Amino acid sequence: MSIISKKICLIGDFGVGKTSLIRRFVEGQFSDQYLSTVGVKISRKLVNVTDNLSPDKQQLQMIIWDIEGSNRFKAIAPSYFQGAKGAVIIGDMTVKDTLDHLLGHIQSFLAVSPKSNIVIALNKSDLIENEYLESLRQFYKFSEIEPVIATYITSAKTGENVGEIFETLAQKLI
């Protein structure tokens, strides 16, 4: 079984839960302790992916770039998008501004990596009433933008859809 490596960027405003989503996916853990990413932190996770064209499983080494979300970093952040084959763009469902910035993050990423795939993660669903979740997902779906392959409601705290965002992206990258 061969191993394929692909670079993935996690992009979003400060405090949306990028690091927490990665930690939940890579380590299976969650911490309420807030750790601000400075610059970029790189994590790796090996996932098994079934290719639609053959029954064989392939291994994908996801090289996950956790990119700082502060405003002062936004000018140089696109240089970190170089060579990425996919992105998870994240908004915090409890902070409307972070959701309103999703389109800007999509456009910024696609300006550097136009042939990449994108998954949207609407994070911190554990802090939102269930009746509002689907309407928020529909509103921030971005299905008119071709590289956006899915929008998920996620929670790094509960683990809701965390594996799914990365598995959906991995499936597209093989």
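FYI, it's all coordinate maths here, none of it is from the lab. Values in this document were obtained by computation on a predicted structure and should not be read as measured data. Heads up, the Cβs are rebuilt from the backbone with ideal geometry, glycines too, and the neighbour counts pull from every protein chain shown.
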Ranking Ile3, Ile128 by Cβ neighbours within 10 Å, fewest first, what do you get?
Ile3, Ile128
Loop trypsin sites (Lys or Arg not before Pro), segment 111-174, which have at most 11 other Cβ atoms in a 10 Å radius of their Cβ (DSSP)
Lys115
Arrange Leu133, Leu110, Leu99 by Cβ neighbour counts within 10 Å, fewest through most, would you?
Leu133, Leu110, Leu99
Hull volume per residue for the chain, using the convex hull of the C-alpha atoms, in Å³ is 114 Å³
Amide H neighbours of Ile4 under 5 Å, at least 5 residues apart or on other chains, H built in the peptide plane: list them.
Gln59, Leu60, Gln61
Restricted to the chain, the DSSP antiparallel beta bridge percent, nearest 5, is 30 percent
In which sequence would Ile106, Ile22 go, from the one with the fewest C-beta neighbours within 10 Å to the one with the most?
Ile106, Ile22
Lys pairs in segment 56-174 with Cα under 16 Å (8 or more apart in sequence, or on separate chains) total 7
